[in-house]
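Accompanying notes for the structure given below.
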Protein chains: 2
Amino acid sequence: MSDIKQQALQCREAAQAIAQLSTDAKNALLLAMADALLADQAGILQANARDMDAAGAKGIAGAMLDRLKLDEARLAGIARALREVAELPDPVGQVTRRETRPNGIAIERVRVPLGVVAMIYEARPNVTADAAALCLKAGNGVILRGGSEAIHSNTAIAASLKRALRESGLPEAALTLVEDLRRETMVELLQLNDVIDLAIPRGGEGLIRFVAEHARVPVIKHYKGVCHLFVDASADPDLALRLLLDGKASRPGVCNALETLLVHEAIASSFLPRAGEALRARGVELRGDETAQALVPEAKPASEDDYAAEFLDLILAVRVVKDLDAAIAHIRRYGSDHTEVIATRDGAAADKFVQSLRSAVVMVNASSRFSDGGELGLGAEIGISTTRLHSYGPMGAESLTVERFVVRGEGQVRHPDLL
Amino acid sequence: MSDIKQQALQCREAAQAIAQLSTDAKNALLLAMADALLADQAGILQANARDMDAAGAKGIAGAMLDRLKLDEARLAGIARALREVAELPDPVGQVTRRETRPNGIAIERVRVPLGVVAMIYEARPNVTADAAALCLKAGNGVILRGGSEAIHSNTAIAASLKRALRESGLPEAALTLVEDLRRETMVELLQLNDVIDLAIPRGGEGLIRFVAEHARVPVIKHYKGVCHLFVDASADPDLALRLLLDGKASRPGVCNALETLLVHEAIASSFLPRAGEALRARGVELRGDETAQALVPEAKPASEDDYAAEFLDLILAVRVVKDLDAAIAHIRRYGSDHTEVIATRDGAAADKFVQSLRSAVVMVNASSRFSDGGELGLGAEIGISTTRLHSYGPMGAESLTVERFVVRGEGQVRHPDLL
């Protein structure tokens, strides 16, 4: 048997112990993990320094290097996040529905853990702790396969978390970090469909496509966010401008940032010049259709590709549309099913926008930046699913469980006549 | 572009129209479909006769031939099932949770259709209508890929259902029957992960393995049911015997029939001889371990394979176990996560059995034969999922939807300080 299969089987075995833990025991484990991370701070920061050196030598710089970096404050943030997961409600054992049938059998739908979750991710070492915490809170085993740039940081963090498992009397295999980062090993992991219940890829488009292509285990993708703001004819222009600036300029590098602005032609000539000026003041480059370019002289022409792009940068595609239907058609064609926003004072238009779009999150008069597990009340998130199955949109601990049936009777049978 | 991709894209386009339908419109469509099937009865039965002739020529007989056969009564049953689906509650648009955040944004979790469901199935032509009805009720498009034995029946039934779509002013591509039954075409269908949101294979182990191996679209398996009854030391023997006979002998060919009986050693010497006699009277062959064989002389020896087998026949594996833990260990080792039953008067033993097993359905003092969408209150089922994701156990119309987020605000933004 290959090493990776053996590791996965050990994780599955250990996951059975995690599945049986009480809420208190799981929360105590998460607090012990937070303490372990802080106690092991020196070693973790040393390991991170090795990753940073290697990245620097490879010429990695800027935002990517920043995502890799750990320091005392960031490590304290990771420990704090573990404690916050401890405070979340436990989804396991929740009874979501009860019904007694006419024959007297009592049916409950009860949340149970998924089993083993494989997390496939890139650069950020905090994902190692964040993902492990949510998986364990939901009673699952977790297999973590991070990127090579963060391997020393990830190994040090995982060792610390595993120590907390061990010292809590629990099998450390419940948290398994894959240290063999060869692609063929990842493919083997993704094909263990009798062992792994769910794979969650988080990272760039290349990684997600690779996982989707090679997996035989179920996959929930966390794919790109081509988020739209449609400014309807009836929109309050001040409100629309607030949503626009928050959506585009408050943190352009995240998946819930706006990428395309659609403006109803009836409001374009008053709204767009003002919006263009406010965006220019914040360093945002506009790429527009002809009408938009006429109204915002500094706008460059937008290509087809620009409308499908997740810029993750201070760039915004702009299009003036004839009406709500044209806005919906544009989003259906170019959108990524992540998050869409309408600014409007017309309730019927809002309802139509919500009904007609199949995106995971649809907002009326609220910023796309609220498309986030914390902001939407999930407490923490393991990512934002753009797969239209199981969990769609921000995924919290509950999304790492599934409902099953528990039935209690008093000897009822289906064919009493046959006895 | 290949024919199958073109068909799938047309189905996705048509699915958008189905997703927008009101509950009344969908129910009217289902009733029109039922009427169309009855109006087209002569043609459907003729087509079925062609399938029956071809099956007879191939030497297919017995239960398989019976599953293929349609007659007036069975067609009336299919039409009735469509009307029953019309009467079920509409899952689409259901608000499952509401929350207003401290910043005033109002969040709803709302059920929306999955999109396009591909159903891959064998012999029974009724699945063509049953699956289509549930998919459409849940606002989805459906692609049906049945087996070659039923191709004429399936084509005739699909033509009739499509006529109802057309006459209701709806795009017929919402229901697409794949008539090209080559394996490579099925593989191509299963790899259209930008078009198909879910594939559901129903049939024999070979079909399900084939689908799981080749799919790049999400798959929910409807795999075998190796269902167990554990008769605890404290069980009421009369009750346990009722569950045993109903579970094994009322309809042995279905997935919720019992395949293995586990008996606590403290009750074995009184229970097993009586159970053996009752089973023999119903023509059930026993395959037991040594202790069971000593207590039921006509029992044959059980092999390892027998404990993992889904007999789908009047055969039952029997094992005497030391205690509840040994029963749980046996089920964890040999079970298929489908349905397990405990007969007991000991509440703590019942709770431990439920907690320790990860099967989709766990019953306390009730027959395994209740593991069925209709019996568990779902109204109808598209199958019984043994995939521990999205839907686990019997799947009804609700399992063909997913929850998304709808957020309404009054201009809230995440970083008001930046504006």
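The values are calculated or read from the model by the stated rules, or taken from the named source; none is laboratory data. From a predicted model like this one, the values you see are computed outputs, not experimental measurements. When we count neighbours, we look across all protein chains shown, and the Cβ atoms used for this are built from the backbone with ideal geometry, even at glycine. Remember, those area values only see protein heavy atoms, side chains included, never the ligands or the DNA or RNA. Shrake-Rupley method; radii C 1.70, N 1.55, O 1.52, S 1.80 Å.
Residues in segment B:1-51 that are over 25 Å from B:THR185 (Cβ atoms) and of a type outside the set (Lys, Arg): how many?
The number of residues fulfilling the criteria is 28.
When the residues of segment A:349-384 are narrowed to those that are within 8 Å of chain B (Cβ to nearest Cβ) and among the charged types (D, E, K, R), which ends up surrounded by the fewest Cβ atoms within 10 Å (Cβ to Cβ)?
A:GLU375
Do we have A:THR155 as over 23 Å from the mean Cα position of the chain (by Cα), farther than 20 Å from B:LEU389 by Cα, of a type in the set (Val, Ile, Thr) and not in a strand (DSSP E or B) here?
Taking the combined requirement at face value, the residue does not satisfy it.
Just to be sure before I move on: is B:THR96 surrounded by fewer than 18 Cβ atoms within 10 Å (Cβ to Cβ) and either polar (S, T, N, Q) or within 19 Å of B:LEU37 (Cα to Cα) (or both) in the structure I sent?
Yes, satisfied.
Quick check on my filter: what residues within segment B:251-284 are modelled with pLDDT of 95 or more and within 25 Å of B:GLY373 (Cβ to Cβ)?
Answer for segment B:251-284, where residues must be modelled with pLDDT of 95 or more and within 25 Å of B:GLY373 (Cβ to Cβ): B:ASN256, B:ALA257, B:LEU258, B:GLU259, B:THR260.
Open to solvent by 30 Å² or more (accessible area, probe 1.4 Å), in contact (Cβ under 8 Å) with a residue 24 or more places away in the chain, within 13 Å of chain A (Cβ to nearest Cβ) and of a type outside the set (A, V, I, L, M, F, W, C): is that true of B:GLY104 in this structure?
yes
Could you check segment B:79-93 and list, in sequence order, the residues that are open to solvent by less than 70 Å² (accessible area, probe 1.4 Å) and assigned to a loop (DSSP other than H, G, I, E, B)?
Matches in segment B:79-93: B:LEU88, B:ASP90, B:PRO91, B:VAL92, B:GLY93.
Filter segment B:49-73 for residues that are open to solvent by less than 60 Å² (accessible area, probe 1.4 Å), in a helix (DSSP H, G or I) and over 15 Å from B:ALA123 (Cβ atoms) and give the result.
Passing the criteria: only B:ALA49.
Inspect segment B:185-192 for any residue being over 21 Å from A:LEU190 (Cα atoms), over 21 Å from the mean Cα position of the chain (by Cα), open to solvent by 20 Å² or more (accessible area, probe 1.4 Å) and away from chain A (no Cβ under 14 Å) and give the result as yes or no.
For segment B:185-192, residues over 21 Å from A:LEU190 (Cα atoms), over 21 Å from the mean Cα position of the chain (by Cα), open to solvent by 20 Å² or more (accessible area, probe 1.4 Å) and away from chain A (no Cβ under 14 Å): absent.
Just to be sure, is A:ARG388 farther than 27 Å from A:GLU84 by Cβ and either within 13 Å of the chain's Cα centre (by Cα) or without any contact (Cβ under 8 Å) to a residue 60 or more places away in the chain (or both)?
yes
Determine whether segment B:223-234 contains at least one residue that is away from chain A (no Cβ under 12 Å), farther than 23 Å from B:HIS152 by Cα, out of contact with any helix residue (DSSP H, G or I) (no Cβ under 7 Å at 6 or more places or on another chain) and open to solvent by 50 Å² or more (accessible area, probe 1.4 Å).
No: segment B:223-234 contains no residue that is away from chain A (no Cβ under 12 Å), farther than 23 Å from B:HIS152 by Cα, out of contact with any helix residue (DSSP H, G or I) (no Cβ under 7 Å at 6 or more places or on another chain) and open to solvent by 50 Å² or more (accessible area, probe 1.4 Å).
Would you check which residues across segment A:390-419 are open to solvent by 10 Å² or more (accessible area, probe 1.4 Å), more than 30 Å from B:LYS248 (Cβ to Cβ) and facing another protein chain (nearest Cβ under 7 Å) and list them?
A:HIS390
Which ones in segment B:257-288 are within 14 Å of chain A (Cβ to nearest Cβ) and either surrounded by 24 or more Cβ atoms within 10 Å (Cβ to Cβ) or among the hydrophobic types (A, V, I, L, M, F, W, C) (or both)?
Matches in segment B:257-288: B:ALA257, B:LEU258, B:ALA275, B:ALA278, B:LEU279, B:ALA281, B:VAL284.
If B:ALA76 passes every condition in (1) in a helix (DSSP H, G or I); (2) without any contact (Cβ under 8 Å) to a residue 40 or more places away in the chain; (3) within 19 Å of B:HIS152 (Cβ to Cβ) but one, which one does it miss?
(3)
So, B:ARG345, is that one within 30 Å of A:VAL112 (Cα to Cα), over 30 Å from the mean Cα position of the chain (by Cα), modelled with pLDDT of 95 or more and charged (D, E, K, R) or not?
Yes, satisfied.
Enumerate the pairs (first residue in segment B:16-37 and within 14 Å of chain A (Cβ to nearest Cβ) and under 14 Å from B:CYS135 (Cα atoms); second residue anywhere and of a type in the set (Val, Ile, Thr) and not in a helix (DSSP H, G or I)) with beta-carbon separation below 8 Å, excluding pairs fewer than 6 apart on the same chain, so at least 6 apart or on different chains.
B:ALA19/B:VAL92; B:ALA19/B:VAL112; B:THR23/B:VAL92
Every residue in segment B:31-48 that is in a helix (DSSP H, G or I) and among the acidic types (Asp, Glu), please.
Within segment B:31-48, just B:ASP35 meets the criteria.
Look at A:GLY139 and say whether it is within 21 Å of the chain's Cα centre (by Cα), farther than 21 Å from A:HIS222 by Cβ and surrounded by 23 or more Cβ atoms within 10 Å (Cβ to Cβ).
Yes: the conditions hold for A:GLY139.
Could you tell me which residue of segment B:327-341 is nearest to B:ASP372 (Cα to Cα), considering only residues that are among the small types (Gly, Ala, Ser) and touching an Asp or Glu at 6+ places or on another chain (Cβ under 9 Å)?
Selected residue: B:SER336.
Mind checking whether some residue in segment A:334-347 is free of Cβ contacts under 8 Å to residues at least 24 places away in the same chain and either more than 9 Å from chain B (Cβ to nearest Cβ) or surrounded by fewer than 24 Cβ atoms within 10 Å (Cβ to Cβ) (or both)?
yes
Filter segment B:106-150 down to residues that are among the hydrophobic types (A, V, I, L, M, F, W, C) and touching an Asp or Glu at 6+ places or on another chain (Cβ under 6 Å), then give me how many there are.
5
On the given criteria, is A:ALA14 over 17 Å from A:ALA76 (Cβ atoms), out of contact with any Pro (no Cβ under 7 Å at 6 or more places or on another chain) and in a helix (DSSP H, G or I)?
no
Which is at pLDDT 95 or above, crowded, with 19+ Cβ neighbours inside 10 Å and part of a helix (DSSP H, G or I), of B:ALA28, B:ALA8?
That would be B:ALA8, the only listed residue that is at pLDDT 95 or above, crowded, with 19+ Cβ neighbours inside 10 Å and part of a helix (DSSP H, G or I).
Checking B:SER153 against (1) touching an Asp or Glu at 6+ places or on another chain (Cβ under 8 Å); (2) open to solvent by 30 Å² or more (accessible area, probe 1.4 Å), only one condition comes out false. Which one?
Result: B:SER153 passes all but (2).
For segment A:361-419, name all the residues that are of a type in the set (A, V, I, L, M, F, W, C), out of contact with any strand residue (DSSP E or B) (no Cβ under 7 Å at 6 or more places or on another chain) and modelled with pLDDT of 95 or more.
A:ALA397, A:VAL413
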